[in-house]
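These notes concern the structure reproduced below.
The values are calculated or read from the model by the stated rules, or taken from the named source; none is laboratory data. As the structure is a prediction and not an experimental result, all values here were calculated from the model. All Cβ positions, even for glycine, are placed from backbone atoms using ideal geometry, and neighbour counts span all protein chains on display. The accessibility values were calculated without ligands, DNA or RNA, using every heavy atom of the protein model including side chains. Shrake-Rupley method; radii C 1.70, N 1.55, O 1.52, S 1.80 Å.
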Amino acid sequence: VAAHGRLLVGLQSGKIAVSDDAGDSFTTITIASGATIEYVAASPDTGVFYVLVTNTADDTDALYSSTDVGLTWVDMDVTNNGMTTGTSLWKVAVNPTNGDNLVTTSGVATSSNYITTDGGDNWTAINDGSGLAFDSTGRLYVGFNYTDDPTASSPTWDVYTTTTPLSSIYADQIAVDPEDVNTVFNNSGMGIAISRDRTATWEDSIDGVTSVKVYDISQTDDKTVVWLGANGGLAKTENFTADEPTWEYPVLPVPGTSNIHAVWVNPDNSDIIVAGMSAMIAYSTD
């Protein structure tokens with residue numbers, strides 16, 4: 001993370017590398033020996049940073065803070081300030097309009113997310129969800145939910161739209177354009193989704209994507225036709241034996257269904273294809 005004239009890089013050795021010259025040189029500082037630095041966040045308060053660490057010996061997590069641009073660090077002892085012992089800490093974010101307002105997410109279904117409005121003296125459990133981001137006005141996104149009053153004693157939560165033309169939002173990774181709160185990025189079954197109206201609608205941004213996660217593959221006996229079951233839909237080529245096969249992707253057997261976990265093409269008749277996805281099978285004869 002880059003802020004307050006510093007660049008901070010977390011290392012697996014429980015150390016943080018700090019640069020004050022835009023990365024030309026670094027000073028390495030030990031935060032927690034035998035730990036892994038998982039996540040780094042900057043506060044709007046001058047010189048204040050936070051890091052999440054995982055102790056590799058017992059897989060416990062902790063939150064540390066620094067008030068001197070990353071030179072010295074203090075364990076915030078979150079489990080004695082409202083968090084349940086053993087809470088998984090995955091991400092941390094700080095409200096850019098209020099440095100006392102921090103949020104953590106766990107990335108684990110059995111562990112809660114937490115919020116504080118007093119700089120970490122007290123933590124309260126909030127909505128589940130992995131993705132985490134504040135925008136420049138202080139709106140807080142947690143998973144599929146958002147609130148415009150994260151500093152209230154009981155924030156009001158709303159659910160944003162999750163469908164895209166070709167897929168749906170995963171909400172594991174959320175980012176907001178720091179210069180335009182209407183532009184929000186999210187991960188989806190297709191890859192990247194962009195909202196240009198503050199999550200009211202989403203569009204798929206997959207132009208230029210050159211690789212997909214493949215779950216299954218099927219081929220005709222003459223080797224010319226190949227189908228892939230992929231993350232984002234089916235991929236198909238009818239000239240696989242060419243030096244540079246041409247692919248059609250995504251092929252969606254059911255609108256809005258993006259993950260195809262199994263595919264079969266009749267080895268003697270390439271018009272017949274069966275695709276398997278969550279809770280259903282699709283069959284084609286053409």
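What is the Cα centroid distance between segment 267-286 and segment 116-192, reported in whole angstrom?
38 Å
For Arg6, what residues show an amide H to amide H distance below 5 Å, using hydrogens built from the backbone and excluding near sequence neighbours?
none
Suppose R0 equals 30 Å. What FRET efficiency, 1/(1 + (r/R0)^6) with r the Cβ-Cβ distance, do Val108 and Ala22 give to the nearest 0.05?
With a Förster radius of 30 Å, E is 0.25.
Mind checking which lysines have their C-alpha under 18 Å from Lys213, skipping anything on the same chain fewer than 8 residues away?
Lys236
Using only the alpha carbons of segment 239-286, determine the length spanned along each of the three principal axes and report them from longest to shortest in whole angstroms.
Taking the Cα atoms of segment 239-286, the three principal extents are 37, 22, 17 Å.
Please state the charge dipole magnitude for segment 155-286, taken about the Cα centre, from unit charges on C-beta atoms (+1 on K and R, -1 on D and E), reported in debye and rounded to the nearest 20.
On the way: 5 positive and 19 negative charges, 79 e Å.
Dipole of segment 155-286, to the nearest 20 debye: 380 debye.
Starting from 0.36 nm per residue, how many nanometres of slack lie between Ile281 and Asn80 once their C-alpha separation is accounted for? List each step's numbers first, then the result.
Details: separation 201, 0.36 × 201 = 72.36 nm, distance 5.01 nm.
This chain segment gains 67.3 nm when fully extended.
By how many nm would the segment from Ser154 to Ser33 lengthen if fully extended, with 0.36 nm per residue of separation less the alpha-carbon distance?
Values: separation 121, 0.36 × 121 = 43.56 nm, distance 3.76 nm.
Computed gain between Ser154 and Ser33 is 39.8 nm.
Scattering from the C-alpha atoms of segment 80-227 alone, worked out with Debye: what is log10 I(q)/I(0) at q = 0.12, 0.14, 0.15, 0.18 1/Å?
For segment 80-227 at q = 0.12, 0.14, 0.15, 0.18 Å⁻¹, log10 I(q)/I(0) is -0.56, -0.71, -0.78, -1.03.
Would you mind calculating the gained length between Phe240 and Val9 on full extension (0.36 nm times residue separation, minus the Cα-Cα distance), in nm to one decimal?
Working: separation 231, 0.36 × 231 = 83.16 nm, distance 4.41 nm.
Net length gain for the segment: 78.8 nm.
Determine the equivalent ellipsoid of the chain by diagonalising the alpha-carbon gyration tensor, then write out the semi-axes as square roots of 5 times the eigenvalues, largest first, rounded to whole Å. Write down the numbers at each step before the final one.
On the way: eigenvalues 373, 93, 66 Å².
They are 43, 22, 18 Å, listed largest first.
For the chain, modelled as a Gaussian network with Cα springs under 10 Å, which listed residue fluctuates most, Ala193, Ala133, Ala275?
Looking only at Ala193, Ala133, Ala275, the largest GNM fluctuation is found for Ala275.
How much FRET efficiency would the formula 1/(1 + (r/R0)^6) give for Thr46 and Thr161, where r is the Cβ-Cβ distance and R0 is 51 Å, rounded to 0.05?
Details: r = 37 Å, r/R0 = 0.73.
That gives a FRET efficiency of 0.85.
How high is the FRET efficiency between Asn266 and Phe185 when r is their beta carbon distance and R₀ equals 51 Å, given to the nearest 0.05? Mind dumping the intermediate values first?
Working: r = 41 Å, r/R0 = 0.79.
Efficiency computed from Cβ-Cβ geometry: 0.80.
Per residue, how many Å² of accessible area does the chain show with a 1.4 Å probe? It would help to have the intermediate numbers written out before the result.
Working: 14030 Å² over 286 residues.
With the other protein chains kept in place, the chain gives 49 Å² per residue.
What's the percent breakdown of Cα-Cα distances in segment 163-286 across 10 Å bins, shortest bin first?
Per 10 Å bin, starting at 0, the Cα pair percentages come out as 13, 39, 27, 14, 5, 0.
Report the residue, chosen from Asp177, Asp271, Asp100, that carries the largest GNM mean-square fluctuation when the chain is represented by alpha-carbon nodes joined by springs under 10 Å.
Among Asp177, Asp271, Asp100, the largest mean-square fluctuation in the Gaussian network model of the chain belongs to Asp271.
Excluding ligands and nucleic acids, what accessible area in Å² is computed for Phe185 using a 1.4 Å probe, to the nearest 10?
Approximately 80 Å² of Phe185 is accessible to the 1.4 Å probe.
Most mobile of Tyr170, Tyr114, Tyr215 per a Gaussian network model of the chain (Cα springs, under 10 Å)?
Sorting by GNM fluctuation, first place goes to Tyr215.
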